[in-house]
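**Student:** This is the structure I have questions about; it appears just below.
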Amino acid sequence: MRSRLTILFLLFSLITFAQKTSVSGVVSDKDLKGEPLPFANVSIKGTTQGASTDIDGKYAIEVAPGTHTIVFSFLGYESKEVTFTITEGQNKTINETLGSGSVTMEDVLVKATVSREKESALLLEQKKAIEIKQNIGAQELSRKGVGDVATAVAKTSGVSKQEGSNNVYVRGLGDRYNSTSINGLPVPSNDPEKKNIALDIFTTDIVEYISIDKVYSSKVSGDFAGGNVDISTKNYKGKGLLEVSIGSSANTNAVKKAGDFNLQQGPNEFGYTTYGKPANGLNAYNFENSLAPKGVMPIGGNLNIKAGKSFNIGKEGRLNLFSTGGFSNNYQYREGINQSVDAQGTFLKGLYQEKTSYSTNTTGMFNANYSINSSHKIGYNFLFVNSSDQTRDIYNGFLRDQAEDGTGLVQRATYTQNQLLVNQLIGNHKIGNKWELDWGGSLDVITGNMPDRTQNTLKRHETLDGYRFVQNAPSDNHRYYQNLKENEIAARLSLSYKFGADDKGKITVGYNGRLKERDFEAFQYNFRIRTNHIGSGTTTIVDPSNLDLFFNQTNYENNFFSIIAYAGYKPQVYSGEQNIHAGYLNLEYKLSEKLSAVVGVRGEKIEQNVKWKTQFDPEGGKNKLNRNEILPNLVVKYELNEKQNLRFGASKTYTLPQFKERALFVYEDVTEIKRGNPYLYSSQNYNADLKWELFPKNDELLSVTAFGKYIIDPMNEITMASSTNDITYANTGDWGHVYGIELEARKNIFDFSTEKTNKLSVGLNVSYMKTNQELNGEKVAKETKGTISTNLTSKEAGFTGASDLLLNTDVSYNLTGNNDKGLTATLAYNYYSDRLYALGVEQKGNLIDKGMGTLDFILKTKLNQNLGLNLSAKNFLNPEFKRIQENIGGSVPVLTYKKGVFFGLSLDYKF
């Protein structure tokens, strides 16, 4: 009896096993000619059953008998829903192709929807590419609560953002060594001091993903050493989108100053102005803005609207439209010491600074992307950005030769408004199975204004209860106006041809052109004060908060002060013209199943012309910099197995000086004066990278990169040996080098996701690097024909802005439940070690920014399918920023402050 039962049980088990019901198949990539699509999501709608395709695009899911809907999705592709019926014991095969076009199948119903962006898709692109790439996508930006591109870039390995500025450093190399582009086309700078546009003016609402190329390839401009940041704007794909977001923000430091938070008069709260320098500012006092500060309530806010829609045109065509418009503002306040000292630690200026600031950003973008069919695509992108920064600085303390008893007062109010207009037309065409044509053109316009920067220098009277003006030079009390206009036309064109068995080879020939024109002018009205203008000989006492009582037309007519300027009523001007034409040739070849390589060469013809007429050179001058560059490059990829790659890259590039660095133009700040050097010339760079990477799962990564750079004739800012200690630019030595190692890891701690998401993940990137360069004052004097003399304290030093150690880490929990509810919580930490801010001169030590870490918390919730609530608390450890001067007798603090904690709350609604 027992044996019969055993036989019956085995027979029943065999029948049950034989009748197991499942669906399986292969998911292919339509845009890659039917290649398998790894890491695509496959799920049974309305259940928790699902799977991801393997490296060969295969999947398998057990299902119950009946009618089901299977969903195929992948970032950047249309999702597909396939309804099928399956009987008991049947093994159903459903193969699917994902891409931009529609698909029809027999005996099934296909429905296209919009897939959500995922970090896994960018990792897949990184894995499949031969080039060494690093991307950060919209999903990761949202999870980390990143609001602008500068902060986004600083979240990647080997990249940092300098505190208190817009400077981004890639592998220890600053602004001059990097480049910026939008959709592969260059974009000009909005700041005459900088080569690159300030990345924080770009909100992440316009971003699909950001690519950071730290390894050179021929298609990128040869003016490259640190990296190229390319912003890919959103390309909406879906039936329709309308989303409104509104929020508020506050800084704890600024809120504490509520009731006493003051800014200058003039600019409106939206960051726009219409005024400029007065028509007759030397013969009358008719300045438009009051010098009296205005009080504001320091609570910021933001409003943003997004809209998108896709249309099918004909059998194969598809038009994707997307637009976004938004405004945001924020207030900040900080206070702390701001001083300069000599080599013995004696004050040159010993001040306590209070800074109130207000910034705005207005962004509008529209793009239209038309896929004529799977082979021909054309797109137009329009971007408008208006950004403004308004600061009011109060300095109290020691002023040499003016207020050595510590009762000095300097008030400086600065407002800058920058506008950027970007117009781009791009296209891609596949001609048969072998040829591909890619092209693009852009017209960019930049305007940058600083209308009416004011500065006044005073000293508290020893006996009278009040302040009086002091001055070593008329410029101690002034009003300043500057205007920058820059137009740039850029073009790119490439033609590729695939050859060999299975298209194992591809050759690309291309052209890049960049034509730039810049006009810059500045005008400064200096006020020469008569301290004892009253007949009795008493000293004039003024109210620092109401200087209009002194600076007015009546007092000007009574000769209480006079107005003077450089060269009468003529502004200081410089203009620049830069034309770069480049051609390149790339050969990509798969040498074996595991070994691939890209070898390329780029030739560039560079012409840079600068003209000026300034207070240093009233007669005017000009110079030219003409170069021809030949730039070879190589990338080799070896696939150790299906999950591991080993890559090597090597290249030669150059670094070009900027217009203002070569013009004899002077720019005055409270604590420093900068001027150009016409003898400045370009540096030559040699770069090498070795990278190992492992992709354990579709959204996991472990990589290690070793890199090195050798720079010939590096450029630096240096302090001149002069009575005014002006800062200039020079090729300070014959050599410099950077080498280091980067580690990046992304790992799921636990993942219980099926159809819904429920996982905890961690990300980490760490960079350790060393920089060093020769410093040679004799070289500087010789190459500038004795016009620049400098007494550098050391013979060697690191690169300014470089930290030995950079660290970014984050822990994220993501949960999505029923009815589209869910939340994402992220804790992100960023740290940089000590970094060199400025080189020491005249036996003074180097200026060092001490290491600092910041911690942010971001919570994003989805209350239902339409409504979301988001909360952020950034910099909530509120560390102290400290800059020191490393003198022989000991370190001396020269700048300290705390930024405060930034809180944000926003509400999103999708219609």
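Each value in this text was obtained by applying a stated rule to the coordinates, not by laboratory testing. Please read these numbers as outputs of a predicted model, since none were measured by experiment. Here Cβ is always computed from backbone atoms with ideal geometry, including for glycine, and neighbour counts include all displayed protein chains.
**Student:** Using only the alpha-carbon atoms, how far is helix 119-128 inclined from the longest principal axis of the chain? Give it as 0 to 90 degrees, nearest 10.
**Tutor:** 80
**Student:** Could you work out how far apart the two model spin labels at GLU88 and ALA491 are, taking each label as a point 7 Å from the Cα in the direction of the beta carbon, and quote it in nm?
**Tutor:** 7.1
**Student:** Continuing with the same structure: Give the aspartates and glutamates whose C-alpha is closer than 16 Å to that of LYS613, dropping any in the same chain fewer than 8 places away, or say none.
**Tutor:** By straight Cα distance, LYS613 reaches ASP519, GLU521, GLU577, GLU661.
**Student:** What order do you get for 553-561, 584-592 when each peptide is scored by the mean count of other beta carbon atoms within 10 Å, highest first?
**Tutor:** Ranked from most to least packed, the peptides come out as 584-592, 553-561.
**Student:** Just how far, in whole angstrom, is region 337-374 from region 600-656 if you go by their alpha carbon centroids?
**Tutor:** Measuring centre to centre over Cα atoms gives 27 Å.
**Student:** If you don't mind, another one. What is the sum of charges, Lys and Arg at +1 and Asp and Glu at -1, for the other residues whose Cβ falls under 12 Å from the Cβ of LEU827?
**Tutor:** +1
**Student:** Just check region 119-233 against the gyration tensor rule for me: Cα atoms, a ≥ b ≥ c as the square roots of the eigenvalues, rounded for a/c under 1.5, and otherwise prolate or oblate depending on whether a/b exceeds b/c.
**Tutor:** Note, shape of region 119-233 comes out oblate.
**Student:** Counting other beta carbons within 10 Å of each residue's own, what order do ASP393, ASP452 fall into, fewest first? Please list the in-between numbers first.
**Tutor:** Numbers: ASP393 18, ASP452 25.
Ascending number of Cβ neighbours within 10 Å: ASP393, ASP452.
**Student:** Does anything in region 882-911 have its amide N under 13 Å from the 7 Å Cα→Cβ label point of ASN866, and if so which residues?
**Tutor:** Only 908-911 fall inside the zone, counting backbone N under 13 Å.
**Student:** Still on this model: Rounded to the nearest Å, what's the spacing between the alpha carbon centres of region 466-536 and region 422-441? Just the number, please.
**Tutor:** 32
**Student:** Might you report the magnitude of the Cβ-based charge dipole of region 279-365 about its Cα centre, with Lys and Arg at +1 and Asp and Glu at -1, to the nearest 20 debye?
**Tutor:** Working: 8 positive and 5 negative charges, 109 e Å.
Approximately 520 debye in magnitude.
**Student:** Under the classification rounded if a/c is under 1.5, otherwise prolate if a/b is larger than b/c and oblate if not, where does region 198-239 fall, given a ≥ b ≥ c as square roots of the Cα gyration tensor eigenvalues?
**Tutor:** Verdict is oblate for region 198-239.
**Student:** What nm distance separates the two modelled labels at TYR638 and LEU877, each placed 7 Å from Cα along Cα→Cβ?
**Tutor:** About 4.0 nm separates the two model spin labels.
**Student:** Further, regarding this structure: With r as the distance between the Cβ atoms of ASN579 and ASN555 and R0 = 45 Å, compute the FRET efficiency 1/(1 + (r/R0)^6) and round to 0.05.
**Tutor:** Result of the calculation: an efficiency of 0.30.
**Student:** Given the rule -39500 (n - 2.57) for each run of at least 4 DSSP H residues, summed and divided by the residues of the chain, what is its mean residue ellipticity at 222 nm, to the nearest 500 deg cm²/dmol?
**Tutor:** One gets -1500 deg cm²/dmol as the mean residue ellipticity at 222 nm.
**Student:** Just rank ARG453, ARG647, ARG400, fewest to most, by other beta-carbon atoms within 10 angstrom.
**Tutor:** Fewest-to-most ranking of ARG453, ARG647, ARG400: ARG400, ARG453, ARG647.
**Student:** Next question. In which sequence would GLU619, GLU604, GLU842 go, from the one with the fewest C-beta neighbours within 10 Å to the one with the most?
**Tutor:** The most exposed by this proxy come first: GLU619, GLU842, GLU604.
**Student:** Turning to a different aspect of this structure: Taking Cα atoms, how many degrees apart are the long axis of helix 2-18 and the longest axis of the chain, rounded to 10 and kept between 0 and 90?
**Tutor:** Once rounded, the angle reads 50 degrees.
**Student:** Using the Cα centre of the chain as origin and beta-carbon charges of +1 (Lys, Arg) and -1 (Asp, Glu), tell me which of VAL255, ASN808, ALA51 is placed farthest towards the positive end of the dipole.
**Tutor:** Checking the options against the dipole of the chain, the answer is ALA51.
**Student:** Working out 0.36 nm times the residue gap between LEU760 and ALA567, then minus their Cα-Cα distance, what length gain in nm do you get to one decimal?
**Tutor:** Result for the pair: 62.9 nm of gain on full extension.
**Student:** Residue by residue through region 736-742, which ³J(HN,Hα) values in whole Hz follow from phi under the Karplus form 6.51 cos²θ - 1.76 cosθ + 1.60 (θ = phi - 60°), with glycine and proline marked x?
**Tutor:** With the stated coefficients, region 736-742 comes to x, 8, 9, 8, x, 9, 10 Hz.
**Student:** Counting only C-alpha contacts under 8 Å and six or more residues apart, can you give the relative contact order of the chain as a whole percent?
**Tutor:** 9
**Student:** Quick one: grab the alpha carbon gyration tensor of the chain, order the square roots of its eigenvalues as a ≥ b ≥ c, and give me rounded if a/c is under 1.5, else prolate or oblate depending on whether a/b is larger than b/c.
**Tutor:** It is prolate, given that a/c is not under 1.5 and a/b is the larger ratio.
**Student:** Take the Cα of LYS795, step 7 Å along the line toward its Cβ, and report every residue of region 702-744 whose backbone nitrogen sits under 15 Å from that point.
**Tutor:** 733-735
**Student:** Can you tell which of THR854, PHE527, TYR331 lies farthest toward the positive end of the dipole of the chain, using +1 and -1 charges on the Cβ of basic and acidic side chains (Lys, Arg; Asp, Glu)?
**Tutor:** Highest projection toward the positive end goes to THR854.
**Student:** Taking 25 Å as R0, compute the FRET efficiency from the Cβ-Cβ separation of PHE384 and LEU242 and round it to 0.05. Intermediate results must be reported in sequence, preceding the final value.
**Tutor:** Numbers: r = 20 Å, r/R0 = 0.82.
The pair PHE384/LEU242 has a calculated efficiency of 0.75.
**Student:** Using a simple charge model, +1 on the beta-carbon of Lys and Arg, -1 on the beta-carbon of Asp and Glu, nothing else, what dipole does the chain show about its Cα centre, in debye to the nearest 20?
**Tutor:** Working: 102 positive and 98 negative charges, 312 e Å.
Value, rounded to 20: 1500 debye.
**Student:** What length, rounded to one decimal in nm, is gained on full extension from ILE313 through to GLN344, with 0.36 nm per residue of separation minus their alpha-carbon distance?
**Tutor:** Taking 0.36 nm per residue and subtracting the Cα distance, the gain is 3.6 nm.
**Student:** Among GLN134, VAL229, ALA150, flag the residue with its Cα farthest along the positive direction of the charge dipole of region 119-233, charges on Cβ as +1 for Lys/Arg and -1 for Asp/Glu.
**Tutor:** GLN134
**Student:** What is the magnitude of the charge dipole of region 119-233 about its Cα centre, with +1 placed on the Cβ of each Lys and Arg, -1 on the Cβ of each Asp and Glu, and no other charges, expressed in debye to the nearest 20?
**Tutor:** Values: 13 positive and 15 negative charges, 78 e Å.
Roughly 380 debye for region 119-233.
**Student:** FRET efficiency for ALA258 and GLU462, Cβ-Cβ distance as r, R0 = 41 Å, nearest 0.05?
**Tutor:** Here the calculated transfer efficiency is 0.75.
**Student:** Could you give me the ³J(HN,Hα) list for region 347-362, computed from phi with Karplus coefficients 6.51, -1.76, 1.60 and θ = phi - 60°, whole Hz, x at Gly and Pro?
**Tutor:** 4, 9, 9, x, 10, 10, 9, 10, 10, 9, 9, 9, 10, 10, 8, 10
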